[in-house]
Each structure stands twice: as structure tokens, then as C-alpha cells.
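Undergrad: Pasting a structure here, questions to come.
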Amino acid sequence: MKRAALVPSAFAFARATRRLAGPVRRLGAVAAAGTLSSLSLAADIPLNERRSSYEAMSAATKAMQDDDSANPATLWVLDGEALWRASAGAAGRACADCHGEASQSMRGVAARYPAYDAKRQTPVDLEGRINICRVEQQQAAALRLESKELLALTAYLARQSRGLPIESNDNRLAPSIEAGRQLFQRRQGQLNLACAHCHDDHWGEKLAGNAVPQGHPTGYPLYRLEWQGVGSLQRRLRNCMIGMRAESYAFGSPEFIALETYLMWRARGMPMESPAVRP
Amino acid sequence: MARALIKVSPNPRRGEVIEIKTLISHEMETGFRHSTTGAAIPRDIITTFVATYNGEEIFSAQLFPAIAANPFITFYTIAKESGTLEFRWTGDNGYAASEQVKIAVE
């Protein structure tokens, strides 16, 4: 029953996603006309029109993000700091034993991840880098992706880049950025949508009452009120894929890393907000 | 890794109305959810929150399953004298957490 009821909404959504111009578009109104064939890919968002979805949030949610004592992600940051200083693994070393004060050594690091790993000849995201360090330097078991510990460490590192611009200027990342762009623009799932249909073509409009964001990963890992917890960019991407009724990639898969690399390139120069709060 | 965060102005003027913000990490499992195998997940929430100022209760709250995870409670009091603000959270399964903050009234 539930499944059948969902099918017409696919067409309703396709109608709703027709591009609107001028003030009507800003009101998030829905066009009744249009067909599936009206979905065509727009160009990249001009650099000066890019917006963090922070700007579309309510005053209350903004206040929550801006005040560290009200931002629940601070709880993860503090846990991450404790993990940073705790020795782990057979080597009996803490992150801090090699890297020292994170406020110095990790400043700006999260703003340039995923970064190219010359040894593996592939981009590695921040979670992946933490786990490589754990396995190779600390001789400890890798932390499970999306585990509380890994999110805490990632949030702590990302916090050190808050306010700094996202960097994406390593030429070795170019193939991964291109692969990510292909994935971003590729139709998939039962709704036959690409990421770009919402986040390049229809940002600022409404989907089921919510503002469609441009989809810039400026605040990850972030505290999402809906999750009642902190989650990674990959968890958010999985969310979107489930919404498109596509089969999600596995956490840590090359597809997700390529998408992350592309999204960071797409958001290059935008300030980091990590750990952000989102509804 | 239970943690609480308290924010309060450390040096208020005498007679000033001060805002106290408290945030504590807690799952606040409602008891209404089921696991992927269909088993009921038992309720695990904070049920009471009490704040005292030099031993005198100034604020308390009862919490219920509809309260979101990581409860954030803010309230106001009048800074009368220097001393200690103490916060106590208690809940299901013997949960108890407390935190203290010293303030110096000028």
C-alpha cells in the first residue's frame, strides 16, 4: 500500500522541480505544468551565488550553531579532544604524541580533505586519514565508519578549521573531482534523478516544505536535529540517495570519496563551519 | 562518555538577572522504538533535572520521552551572592550526572 502510494509522488515531484524564474522562484512556488523531459542540467552555480544552507536556517537553529555551549556537536568535539590525547593501540601512542596541539598542527587540515595520498595513489577523506594513522602509526584497529569515536575525532579536527576557506587546488585530485562530477550529474534510482537536478537547478525552492540547499559540505561532520546526533557527509549523501530511491554506495567507497572531492571543489573558498547544526 | 556543558557569566553584578545554559549528552531513548529485528528498545531517558544555588533549589524540570537527545535547558536566576551552582540530572537505569560552576558576584 505504502509503496504504491509513493509512486504518483515521483511524478508530482518531477512537475514540482520545473525551474521557475524571478520572485515566484524565491517564494518556492510549485509549477503544475511540465513533464519529466523538462529536467535538464544547468551549469555550475556561479561562485558569487553560492550559499551555505546556514543562511536558510531559522534564527533559533543559527543561534544553536553559533554558540558552542548550545551546539550539541561540542559534546563530540570534547570527546574527540579526549581521544586525541589518549594513547591507543600496540604502539601506545596518542595522536597528540606525534601531532602535538591540534589547534596548531590541525589548523586548516579538514578544509583541504579529501586529500591525495601519494602512497595509495588515491584521494583519502578525513575519516580515512584518521584510520590510516590509527592502523599504521598507533597499530590500533581502525574505527568503524560512523562510529561515535570516529565522528568525535573528525569533529575535533574539523573544528580546528572553522572559519577557514575550503581549499581544493591539488591537481592530482582532478580525476577524482571529474569522477565525482559524473556521479553528481548522473541520473539514478527509481526517481531517475541526479544530484544536480535539485542542488544545481532548483536550490532555494521547496521540497516537501523544506528549502532545497545548494549542497555545500561546509559544516561536516555536523549535528543534524533530525538525526539527534552527529553524522558525516557520507551519511548525508546516503540520505539523499535513499530519498532518490537509489541504492546507496557503501561508507568509505571510492564513489563516496569522489563525490566528497567534487563537493569540496564545488565549495572551494567557502568558509568552514564545522561542526555545524542543520535541521 | 557522558558530558555536560554549562555556560554562565562567571562575574555577574549583584542583583543581575543571569542566564544559565546547560547541555548534557544523553541518548533519550523513547521506549517507543523497535530494533531492526523487531525487539522493543527499552526506555532510557533523563527524568529529572535540578539546579541549586548555594544549596537552595532555584530550578527543576521533569523530562519525558518526547524530549530530544542531548537535552538543552536554559533558565534565569538573580545573582545574589558568590557561590556554587550545582546541576543534577537523574534518569532511567540509575543514571546520575552532576556538574558544578562557581560564580563570583561583584
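Undergrad: What ranking do B:T74, B:T52 get, fewest neighbouring Cβ atoms within 10 angstrom at the top? If you can, show how the numbers build up before the last one.
TA: Working: B:T74 14, B:T52 17.
Ranking B:T74, B:T52 by Cβ neighbours within 10 Å, fewest first, gives B:T74, B:T52.
Undergrad: What are the ³J(HN,Hα) values, in whole Hz, obtained from phi via the Karplus relation 6.51 cos²θ - 1.76 cosθ + 1.60 with θ = phi - 60°, for each residue of segment A:123-139 in sequence order, with x given for Gly and Pro?
TA: Running phi through 6.51 cos²θ - 1.76 cosθ + 1.60 with θ = phi - 60° gives x, 10, 8, 4, 4, x, 5, 4, 5, 4, 4, 4, 6, 7, 8, 8, 6 Hz.
Undergrad: Using amide H atoms built in the peptide plane, which far-off residues or other-chain residues are under 5 Å from A:R93 H to H?
TA: A:A88
Undergrad: Run a plain Debye calculation on segment A:158-279 (Cα atoms as equal point scatterers, no solvent) and give log10 I(q)/I(0) at q = 0.12, 0.16, 0.23 Å⁻¹, rounded to two decimals, same order as the q list.
TA: -0.44, -0.81, -1.64
Undergrad: Once the mean 1/r over all distinct Cα pairs of segment B:4-103 is inverted, what Kirkwood radius in angstroms do you read off?
TA: Kirkwood hydrodynamic radius for segment B:4-103: 14.7 Å.
Undergrad: Loop-only GluC sites (Glu not before Pro) in segment B:1-93, please: DSSP not H, G, I, E or B, and at most 12 other Cβ atoms within 10 Å.
TA: Those satisfying the criteria are B:E81.
Undergrad: Please compute, over every Cα-Cα pair in the protein assembly as shown, the percentage with a separation greater than 42 angstrom.
TA: 20
Undergrad: If you don't mind, there's one more thing I want to ask. Given DSSP loops and a limit of at most 12 other Cβ atoms within 10 Å, what is the longest stretch of chain B that contains no such trypsin sites (Lys or Arg not before Pro)?
TA: By the stated rule (loop sites, at most 12 other Cβ atoms within 10 Å), B:34-106.
Undergrad: Using the Karplus equation 6.51 cos²θ - 1.76 cosθ + 1.60 (θ = phi - 60°), what ³J(HN,Hα) coupling, rounded to whole Hz, does each residue of segment B:7-20 give in order, writing x for Gly and Pro?
TA: Result, ordered by residue: 10, 8, 4, x, 10, x, 7, 4, x, 6, 7, 10, 8, 10 Hz.
Undergrad: Also, I was wondering about something else. Taking only DSSP H segments of four or more residues, each worth -39500 (n - 2.57), what value at 222 nm results for the protein assembly as shown once the sum is divided by all its residues, to the nearest 500 deg cm²/dmol?
TA: Mean residue ellipticity, 222 nm, calculated: -8500 deg cm²/dmol.
Undergrad: To make sure I understand, if each residue's beta carbon is the centre and we count other beta carbons within 10 Å, what order do A:D201, B:D92 fall in, fewest to most?
TA: The most exposed by this proxy come first: B:D92, A:D201.
Undergrad: Between the DSSP loop rule and a limit of at most 13 other Cβ atoms within 10 Å, which GluC sites (Glu not before Pro) in segment A:84-170 are left?
TA: Qualifying residues, ordered by number: A:E101.
Undergrad: When A:S168, A:S53, B:S35, A:S147 are ordered from fewest to most other Cβ atoms inside 10 Å of their Cβ, what list results? Could you put the intermediate results ahead of the total?
TA: Details: A:S168 22, A:S53 19, B:S35 8, A:S147 12.
Ranking A:S168, A:S53, B:S35, A:S147 by Cβ neighbours within 10 Å, fewest first, gives B:S35, A:S147, A:S53, A:S168.
Undergrad: Going down the list B:K7/B:K80; A:K62/B:K21; B:K7/B:K102; B:K21/B:K102; A:K62/B:K102, which pairs span over 20 Å between their C-alpha atoms?
TA: From B:K7/B:K80; A:K62/B:K21; B:K7/B:K102; B:K21/B:K102; A:K62/B:K102, over 20 Å: A:K62/B:K102.
Undergrad: Running Debye on segment B:54-106 with equal point scatterers at the Cα sites and no solvent, what base-10 log of I(q)/I(0) appears at q = 0.25 Å⁻¹?
TA: With one equal scatterer per Cα and no solvent, log10 I(q)/I(0) is -1.17.
Undergrad: In whole Hz and in residue order, list the ³J(HN,Hα) couplings for segment A:151-165 that follow from phi through the Karplus curve 6.51 cos²θ - 1.76 cosθ + 1.60, θ = phi - 60°; x for Gly and Pro.
TA: Result, rounded to whole Hz: 5, 5, 5, 5, 5, 5, 5, 5, 4, 6, 10, 4, x, 8, x.
Undergrad: Counting other C-beta atoms within 10 Å, and keeping those with at most 14, which DSSP coil chymotrypsin sites (Phe, Trp or Tyr not before Pro) do you find in segment A:182-229?
TA: A:W227
Each reported figure results from applying straightforward, stated rules to the coordinates on display, with no laboratory input. Remember, it's a predicted structure, so these values are computed and weren't measured experimentally. Please note: Cβ atoms are built from the backbone with ideal geometry, for glycine as well, and neighbour counts cover all protein chains shown.
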